[in-house]
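A short worksheet on the structure shown next.
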Amino acid sequence: MGKLITFEGIEGCGKTTQIKLLGDYLRKKGYTIYETREPGGTLIGDQIRRILLNPENKGINYITELLLYEACRAQLVKELSVRSEELGVKDKEIILCDRFTDSTLAYQGYGRGIDKGVIKELNKIASGGAKPVLTILLDLDVKTGLGRAIGRNINSQKSEVRSQESAESRFEEEALEFHLKVREGFLKIASEEPERIKIVDANKGIEDIHKEIVKIVENYVI
Ligand code: TMP
């Protein structure tokens, strides 16, 4: 598998936009870039994503939820490895992943309160040892992030073609307190692994954030 760079953060922190910008930048530099996300990124993973994010599934057991995220991950990592082998461009390949193991620790560990040791073990099993060389944590206060995410959902509901994303609001409907715990969780995880996880202030403008991310990434892969 190529080099893995992950993006993490609370809802509405701007991961998707930044992944796209970084992907375009690195492609121009001659890298083979593969953009993917969790939950999802594979045919099976996308089906699991729909279960996980469907607001009708509010009653999901937290362990069921955890195992579904891990199941998604196991499938994604396996398919990414096979893909890299087939392409044969391992050295020049960079995988940009929207969320990975840190999200499980932040949401299911810090947010839901599931034992963090158990989650770390499951993360290891599901990722088959694949570890990000770098993780960008886009940090933002919870009210701003949720405001953006909810606005995004309302806009997509208004659009004529009701996109699949508009049905994905289960986590945005969680209490503010839950999201506060998740943000604190991410910051704690970052403080424990400062070499791998770099915190970027997501309050700044899109271009400024992109420039900061490029500077960080250059130290790791370029
Ligand atoms: P998204 O915001 O990137 O679309 O992610 C979907 C949701 O899934 C988001 O609310 C965070 C949540 N999530 C977890 O709770 N645990 C996980 O392990 C992952 C990858 C995501």
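Each row is one residue, and each column tells you yes or no for (1) modelled with pLDDT of 60 or more; (2) in a loop (DSSP other than H, G, I, E, B); (3) crowded, with 17+ Cβ neighbours inside 10 Å.
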position: Leu146; (1), (2), (3): yes, no, yes
position: Gly151; (1), (2), (3): yes, no, no
position: Ile154; (1), (2), (3): yes, no, no
position: Val161; (1), (2), (3): no, yes, no
position: Ser169; (1), (2), (3): yes, yes, yes
position: Leu180; (1), (2), (3): yes, no, no
position: Glu184; (1), (2), (3): yes, no, no
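Tallying residues that are among the aliphatic types (A, V, I, L, M) and crowded, with 23+ Cβ neighbours inside 10 Å within the range 106-118 yields 1. Checked against the criterion of being within 13 Å of the ligand (Cβ to nearest atom), hydrophobic (A, V, I, L, M, F, W, C) and without any contact (Cβ under 8 Å) to a residue 40 or more places away in the chain, the candidates Ile51, Ile44, Ile10, Ile19 yield just one match: Ile51.
With respect to Glu121, determine if the residue is surrounded by fewer than 20 Cβ atoms within 10 Å (Cβ to Cβ), more than 17 Å from Glu8 (Cα to Cα), without any contact (Cβ under 8 Å) to a residue 60 or more places away in the chain and touching a Ser or Thr at 6+ places or on another chain (Cβ under 7 Å).
Values: surrounded by fewer than 20 Cβ atoms within 10 Å (Cβ to Cβ): yes; more than 17 Å from Glu8 (Cα to Cα): yes; without any contact (Cβ under 8 Å) to a residue 60 or more places away in the chain: yes; touching a Ser or Thr at 6+ places or on another chain (Cβ under 7 Å): no.
Judged against the criteria, Glu121 is not a match.
Each residue in the range 99-135 was checked for being away from the ligand (no atom under 13 Å from the Cβ), farther than 14 Å from Ile5 by Cα and within 17 Å of the chain's Cα centre (by Cα), and 1 of them qualify.
Taking into account only those residues within the range 175-192 that are among the charged types (D, E, K, R) and without any contact (Cβ under 8 Å) to a residue 40 or more places away in the chain, which is nearest to the ligand (Cβ to nearest atom)? Selected residue: Glu177. Restricted to the range 1-109, the set of helices (runs of 4 or more DSSP H) holding at least 3 residues that are in contact with a Ser or Thr (Cβ under 6 Å, 6 or more places away or on another chain) comprises 62-87.
So, Lys78, is that one modelled with pLDDT of 95 or more and either open to solvent by 20 Å² or more (accessible area, probe 1.4 Å) or not charged (D, E, K, R) (or both) or not? Outline the logic, then answer.
Numbers: modelled with pLDDT of 95 or more: yes; either open to solvent by 20 Å² or more (accessible area, probe 1.4 Å) or not charged (D, E, K, R) (or both): yes.
Judged against the criteria, Lys78 is a match.
Of the numbered criteria (1) near the ligand (Cβ under 10 Å from one of its atoms); (2) more than 19 Å from Arg112 (Cβ to Cβ); (3) not hydroxyl-bearing (Ser, Thr, Tyr), the one Gly30 fails is (1).
The values are calculated or read from the model by the stated rules, or taken from the named source; none is laboratory data. Because the structure is a prediction, the values reported are computed rather than measured. Here the Cβ is made from the backbone with ideal geometry for all residues, glycine too, and neighbour counts use every protein chain on show. Note: areas computed on protein heavy atoms with side chains; ligands, DNA, RNA excluded. Shrake-Rupley method; radii C 1.70, N 1.55, O 1.52, S 1.80 Å.
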